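The values are calculated or read from the model by the stated rules, or taken from the named source; none is laboratory data. The structure displayed is predicted, hence computed values, not measured ones. Cβ placement follows ideal geometry from the backbone for every residue including glycine, while neighbour counts extend to all protein chains displayed.
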Amino acid sequence: MLSRLLEIAYPPVCEGCGDAYYKNGIPGICQTCIDEKLFPQVEPFCDVCGQSYRGYMANQQCSNCRGRHLSFDFAVGAYRAEGEIMDWIHRFKYVHEIHFARTFGQLMTRVWEDSRLSHFDDWTVVPVPLHRKRLRERGFNQSFEIAREWVRHSPKNKQLRIVNALKRNQYTTRQATLDRKERLSNLKGAFAPAKHMADKLKDAENIIIVDDVLTTGTTASECASILRETLSPNRISVITVLRG
Ligand SMILES: [Zn+2]
Ligand SMILES: [Zn+2]
């Protein structure tokens, strides 16, 4: 009751336009800004990384993925990494505005439009881990927070199970500050199985790795390769709020 009254007195403000708005389903952003300021990934897109493209692409693979070995089967990004949402991602991760987890987790439910995901119900959800030191600095793991909101707002969410199956050993330079060549080699040996990973995931046939942004796919691929070293899941997919 009190929160309802507070909401009427101080309606939530949209991050995109600053206007007050009443609940439209996604906290932090009004429907007009979703329609006008965000760019959904729409078909046709790269079969591997989910980047949408215009025109012709050989074998449905973009220039990022062609000729590379990536350890996941496919990735689905909800939106393109461009426009104002880039600034929100920055505020979320580096200015500790954890409230964005709700916005991003719910925006990410778009990925269910991809039949490669919606065809199966029993996904085990593995967030990309942070190094202990980074976790202390930031206070939260953005991938886990997004994953939790995404699960909460997904259809058939009872069948989705989040497992912190991986740990990060290297306190690596932020991928965002590196160029492409450095990104591709920065993460060798960065991840390892968390305690009891094999037990926790022994029946997992379908695994979804969750991250905030997919750029070259190297982070997600390194995580997937650790999972494949000890387990034999039928498929490993990756979902992110942004692909770009
Ligand atoms: Zn707005
Ligand atoms: Zn691609």
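Things to note:
- Single residue of the range 75-85 satisfying the filter (touching a residue at least 60 places away in the same chain (Cβ under 8 Å) and more than 13 Å from the chain's Cα centre (by Cα)) that is surrounded by the fewest Cβ atoms within 10 Å (Cβ to Cβ): Glu82
- Note on the range 61-87: among residues that are within 9 Å of ligand 2 (Cβ to nearest atom) and of a type in the set (S, T, N, Q), the one that is farthest from Ile239 (Cα to Cα) is Ser63.
Residues are listed down the side, and each one gets a yes or a no for (1) in contact with a helix residue (DSSP H, G or I) (Cβ under 7 Å, 6 or more places away or on another chain); (2) surrounded by 21 or more Cβ atoms within 10 Å (Cβ to Cβ); (3) over 30 Å from Ser185 (Cβ atoms):
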residue: Asn64; (1), (2), (3): no, no, no
residue: Arg68; (1), (2), (3): no, no, no
residue: Phe92; (1), (2), (3): yes, yes, no
residue: Asp122; (1), (2), (3): yes, no, yes
residue: Val125; (1), (2), (3): yes, yes, no
residue: Val128; (1), (2), (3): yes, yes, no
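- The residues on offer are Trp150, Trp88, and the sole one that is closer than 28 Å to Lys195 by Cβ and in a helix (DSSP H, G or I) is Trp150.
- Among (1) at pLDDT 95 or above; (2) closer than 19 Å to Ala192 by Cα; (3) surrounded by fewer than 17 Cβ atoms within 10 Å (Cβ to Cβ), the one test that Phe140 misses: (2)
- Answer residue from the range 49-59, given it is assigned to a loop (DSSP other than H, G, I, E, B) and touching a Lys or Arg at 6+ places or on another chain (Cβ under 8 Å) and is farthest from ligand 2 (Cβ to nearest atom) among those: Gly50
- Among (1) of a type outside the set (A, V, I, L, M, F, W, C); (2) crowded, with 19+ Cβ neighbours inside 10 Å; (3) more than 14 Å from ligand 2 (Cβ to nearest atom), the one test that Glu36 misses: (2)
- The residue that is surrounded by the fewest Cβ atoms within 10 Å (Cβ to Cβ), among those in the range 94-103 that are part of a helix (DSSP H, G or I) and out of contact with any Gly (no Cβ under 9 Å at 6 or more places or on another chain), is Tyr94.
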